[in-house]
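Beneath this line is the structure, given in structure tokens, with notes to follow.
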Amino acid sequence: LISQIVVLGYLVDQGSSLLVSIPAAGAILIQCWKVEKATGVRPDFSRPFPWIRCERLEAVALSAKNAKADDKGAQLDAATLRVDRLATLYLSLSLGPLVVGYAVKTLIYDAHLGWYSWGLGAMTNAVYTGGFVLM
């Protein structure tokens, strides 16, 4: 969702046509609805600062934690989750410095309309890299 917002900001900054920008904005609204349905995102105002709770994801994590030793499917899910987290960590640690280095390189050597334009470009590249890592 955040990545789509960044890409929409980049499209608007680059002056893309409304035929591209309006569907991208509509896709953000659809993505908000899908995230709410899939994760059960709800605002939690019981704390001093508003907090977001993912009720369905918390329930899945709790059931995986309480899985019995003889439940092979739950054990396999827990092992898969552990390996996925480890792979994501290693890819993030290896590609993160490259993204930062590329952002610094574009700041020094490329022409930008302003700080806002450079920041959106750098965030867009980070979003694309993050999409690769999470894939």
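Here's a check for you: in the stretch 1-28, which residue that is under 19 Å from Tyr116 (Cβ atoms) and polar (S, T, N, Q) is most open to solvent (accessible area, probe 1.4 Å)?
Out of the qualifying residues, it is Gln14.
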Notebook entry, point to check: Any chance the stretch 66-87 includes a residue that's touching a Leu at 6+ places or on another chain (Cβ under 7 Å), assigned to a helix (DSSP H, G or I) and over 19 Å from Val127 (Cβ atoms)?
Noted result: no
Checklist line | Number of the condition not met by Ser16 [criteria: (1) assigned to a helix (DSSP H, G or I); (2) touching a helix residue (DSSP H, G or I) at 6+ places or on another chain (Cβ under 9 Å); (3) of a type in the set (Gly, Ala, Ser)] | finding: (1)
Next item on the list: Could you identify the single residue in Val83, Val100 that is surrounded by fewer than 14 Cβ atoms within 10 Å (Cβ to Cβ), under 21 Å from Ser3 (Cα atoms) and at pLDDT 75 or above?
Entry: Val100
Check: Of the residues Gln75, Gln31, which single one is open to solvent by less than 90 Å² (accessible area, probe 1.4 Å) and either aromatic (Phe, Trp, Tyr) or without any contact (Cβ under 8 Å) to a residue 12 or more places away in the chain (or both)?
Finding: Gln75
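How many residues are of a type in the set (Val, Ile, Thr) and touching a Leu at 6+ places or on another chain (Cβ under 8 Å) when one looks only at the stretch 1-28?
Total satisfying the criteria: 3.
The values are calculated or read from the model by the stated rules, or taken from the named source; none is laboratory data. Since this is a predicted model, take the numbers as computed values, not measurements. Please note: Cβ atoms are built from the backbone with ideal geometry, for glycine as well, and neighbour counts cover all protein chains shown. Just the protein is used for accessible areas: all its heavy atoms, side chains included, with ligands, DNA and RNA removed. Shrake-Rupley method; radii C 1.70, N 1.55, O 1.52, S 1.80 Å.
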